[in-house]
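We did not get these values from a lab; they are worked out from the coordinates using the rules stated. Note that the coordinates shown come from a computational prediction; the quantities given were computed from them, not determined experimentally.
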Amino acid sequence: MKKLLAILLAVVMLLAFAACGDKDGETTTAANGENNETINAQDVVDKALEEAEEHESFSQGAVEYYLKKAVGIKFDDIKPDWEWKLKSKYSAYADDPASGYGHAVITFTKAEGEVTDDEFDAWYKKVFDATAKASDDGYNIRGYEFAGDGEDALGEVTLEEAIGGWLMKGWAFRVDGKIYVVYVSDEYDNNKDSELGKLFYYDGAKVDIGAGLQKSMSDTMDEAESYLAENEDAIKDALNDYLN
């Protein structure tokens, strides 16, 4: 849906840049320190989630629609080859691609048993190949989210480089000149013990594809802070209008 990401981003920015708030961190005040009307961030998030459910954003269909319209990827090209299920209604979510921002995220839980290393590797390659095929360049790029010091965020990245990090696995790709980011992860069940000798019972694979950073993180944050400073009153008014 169109407003969700913008609303949540505004809340995060207000929380990050506000000079003061209540002791529980649930409300924000003007950045200039004036004790103006406060905004309850949790109320904003709760209402956005209610709206997402109303518009059936929590669904496989929403994910399929986003992938098709936003980046031209077929759902079959990113789903795993093993038999899978959605563990809950929150296992799939997507924004409205017409908004120009947002993302689609889905967790594929194996119907029975654990996901093997070979199955994970095959799935990573499948998603990696799908985004490369959909891209303007014919290959995936590193992306600003994953580029370290001295690394070219717009340079081609291999699958091994993209999933080799211990903290986050992912890459980016360009469609119609816009950069999209991909996060992939192995999901596990805390209530089960692995029978494959692994530390955890890995039974799922998660992929998140959406609008990525179009410039470096520092440039993005500088721009965001400047925008917030110039438009704080309008943002607060919009949030209050949305809640009311």
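Per-structure values
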| quantity | calculated |
| --- | --- |
| With 10 Å bins from 0: P(r) over the range 60-212, alpha-carbon pairs, percent | 11, 41, 34, 13, 1 |
| Given Lys68/Lys206; Lys85/Lys215; Lys68/Lys192; Lys79/Lys198, the pairs whose alpha carbons are separated by over 27 Å | Lys85/Lys215; Lys68/Lys192 |
| Residue-wise HN-Hα coupling along the range 134-143, computed from phi with Karplus coefficients 6.51, -1.76, 1.60 (Hz; x: Gly, Pro) | 7, 6, 5, 8, x, 8, 8, 10, 5, x |
| Stretch gain in nm, segment Gln214-Glu151, where the contour uses 0.36 nm per residue and the Cα spacing is subtracted | 21.1 nm |
| The range 63-77 - phi-based ³J(HN,Hα) in whole Hz, Karplus 6.51/-1.76/1.60, Gly and Pro as x | 5, 4, 5, 4, 4, 5, 7, 7, 10, x, 10, 7, 4, 4, 7 |
| Residue pairs, from the table Lys126/Lys178; Lys110/Lys169; Lys87/Lys133, whose Cα atoms sit over 27 Å apart | Lys87/Lys133 |
